[in-house]
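*Asks:* To start, I am sharing the structure in question, which I have written as structure tokens.
The values are calculated or read from the model by the stated rules, or taken from the named source; none is laboratory data. None of these values were measured; they are calculated from a predicted model. Backbone-built Cβ (ideal geometry, glycine too); neighbour counts: all protein chains shown. Accessible surface is based on the protein model in full, side chains and every heavy atom, while ligands, DNA and RNA are left aside. Shrake-Rupley method; radii C 1.70, N 1.55, O 1.52, S 1.80 Å.
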Amino acid sequence: METRSVKRKKKKKEEEANWFIKVDRISNLPDSLIHQILLLLPLESAAQASLLSKRWRSLFLSLPDLDFTSINDLKNPKSFSSNSIYKVLSLRSHRDSNNLRSLRFRVPVTFTSLNSLIRLAVTHQVQDLDIEVTTKDYFNFPRWIVTSQNLRALTLKSANLGFRLPPSSSARGGFQKLTSLSLSRVILHNQPCLSDFFTDPSFPLLEKLTLECCFGLKELKVSCRLLQEFSLKNSLQLEGLEVSGNKLQKLKVESCFYSYSEKSFVKINTPNLKTFLWNSNAVTTSVHFLDKLVCLRKAFVKVFWHHQDLNSQIQSLFTLLSGLCHSYKLQLGNQSVEILSSKKGLLKNHLLPFHNMRFLELQTRLNRHNVQTLSCLFKSCPMLNILTVKIIDDQTSERRQWNKDLWDMSNSEIQYWESQAYELESFLNHLEFVEIHGFVECENEMSLAIFLLRHGKALIKMTLRSSFLCRDSPQTNDKVTANGILHGFFQSQNLISLKVSLFQDLG
């Protein structure tokens, strides 16, 4: 039988438990902390929470970040529209008008609706604006963006037709606080030369610039003193590019200069550049480095060439690579090697001054046509530590199968490499790691591998990755490879630390 004391204690515990259940502890948290919780939810869930009470409604309407992409579906426009965004922005009170930190949305929209949305966002002093729109026609760059004094970052992308930039005269005095700008699908047929748009008067604080799919752009000049990253992609009609900036550290140009021009040019004045990516661009007629890239750490060059005026393109590529001579790491595409291997190529008679190079990656067919070019590249890198060769196999490649009976060193390819041993002495004294992809025991690659094994005094590890699809008889070929490599291995001067690995690339 329970005593009165026990009953009182039990009743008190029940009352405490009921009080704990009834108390809304989350609502007692400060607004800033509840904002952090709501920002972890999809915007639609945060909107549903606003139905709990007037305070929760106020909390939702004062969120500093609005990301409508979490509920936006461009493929199903009826499920969401620009009107929904406009309604949410309109309901924000004047008291909360200055705390809109970021706004993101992806919607089909008319230009009138887009302009109204941006005007309202600018009124709320938005700092980060990320927009992707689908329109039924081209549209002009919204003028409210230019005049905003609070905007720090802008991403504007047209999903289909594109938009026009404002005139350079209209841009001056605008974008004064902008630090990051990304534009995609820009229509420039009426202003093909942007020589005074991306400059300090218009973008005094710009640090990052990304331009993609600039239709009609012929010449571009970028000169912003605080710019640190610049990326240009898919500007096929570009003929001239000039980039300057003492603080620029990363430059990326991809899929440009597709239209041949006798006056195509590139001018680069970026003394503190650390990363240079030149991917899938045609070789321009001329290249000028106005200052040495002494801070360069990584360079990637993958080009193709037009069939007109080959001499100037060869000279241009040579100048481009010479300008990258201070780089620590270089990745060179197949067409670059082929151009340097041409009959009129300069590399056979002139070495590139890659004295700082420690890592070299080459894409090549590795045939007799470019063996001399590879030798010259190796001579150009006397301090190289890591070499990666990615062999490209196609229907036109001349890749004769290795003859396992040719161990008397009478093979012409081996004889050529042996004749280069003295001039490659510094290269061979520093090379530590070698990796060859697409290795299928053909004469050229076997000759190179055995030569490096025999003469690589600092060689620690060689990795051979063979393509499974290229093998007619994997077991037999593996045996031939093992015999050939072991033959070179036992002639190596560095037996103790040398490791040879054989792999098959199934992808």
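*Asks:* Provide the packing ranking of 416-428, 253-265, 357-369, i.e. peptides ordered by the mean count of other C-beta atoms within 10 Å per residue, highest first. Show your work: numbers first, answer last.
*Replies:* On the way: 416-428: 16.2, 253-265: 17.9, 357-369: 20.6.
Highest mean packing first, the order is 357-369, 253-265, 416-428.
*Asks:* If you roll a 1.4 Å probe over the heavy atoms of the protein chains, what accessible area per residue do you get for the range 410-455, in Å²?
*Replies:* On the way: 1450 Å² over 46 residues.
Dividing the accessible area of the range 410-455 by its residue count gives 32 Å².
*Asks:* I want the local charge near A449. Using Cβ-Cβ distances under 13 Å, sum +1 for each Lys or Arg and -1 for each Asp or Glu among the other residues. Present the calculation step by step, with values, prior to reporting the outcome.
*Replies:* Working: positive: R454, K461, R465; negative: E413, E435, E441, E443, E445.
So the environment of A449 carries a net charge of -2.
*Asks:* On to the next question. For F175, what residues show an amide H to amide H distance below 5 Å, using hydrogens built from the backbone and excluding near sequence neighbours?
*Replies:* Those qualifying (amide H under 5 Å, at least 5 residues apart or on another chain) are S148.
*Asks:* Kindly state, to the nearest 0.05, the FRET efficiency for N279 paired with K54, given R0 = 51 Å and r defined as their beta-carbon distance. Before the final figure, lay out each step's value.
*Replies:* Details: r = 55 Å, r/R0 = 1.08.
Efficiency, rounded to the nearest 0.05: 0.40.
*Asks:* What's the center-to-center distance, using Cα atoms, between the range 177-219 and the range 316-345 in Å?
*Replies:* Going from one Cα centre to the other spans 29 Å.
*Asks:* With a point put 7 Å past each Cα toward its Cβ, work out how far N246 is from S322 in nm, to one decimal.
*Replies:* With each label placed 7 Å out from Cα toward Cβ, I get 2.8 nm.
*Asks:* Right, another one. Take E262 and Q149, extend 7 Å from each Cα along the Cα→Cβ direction, and tell me the distance between the two endpoints in nm.
*Replies:* 5.3 nm
*Asks:* Run the paramagnetic zone check for K461: 7 angstrom along Cα to Cβ, then residues of the range 423-438 with backbone nitrogen under 16 Å.
*Replies:* The answer is 431-437.
*Asks:* Exceeding 24 Å between C-alpha atoms, which entries from my cross-link table qualify? They are K267/K379; K136/K157; K263/K302; K221/K263. Can you show the working numbers first?
*Replies:* Numbers: K267/K379 28 Å; K136/K157 14 Å; K263/K302 21 Å; K221/K263 16 Å.
From K267/K379; K136/K157; K263/K302; K221/K263, over 24 Å: K267/K379.
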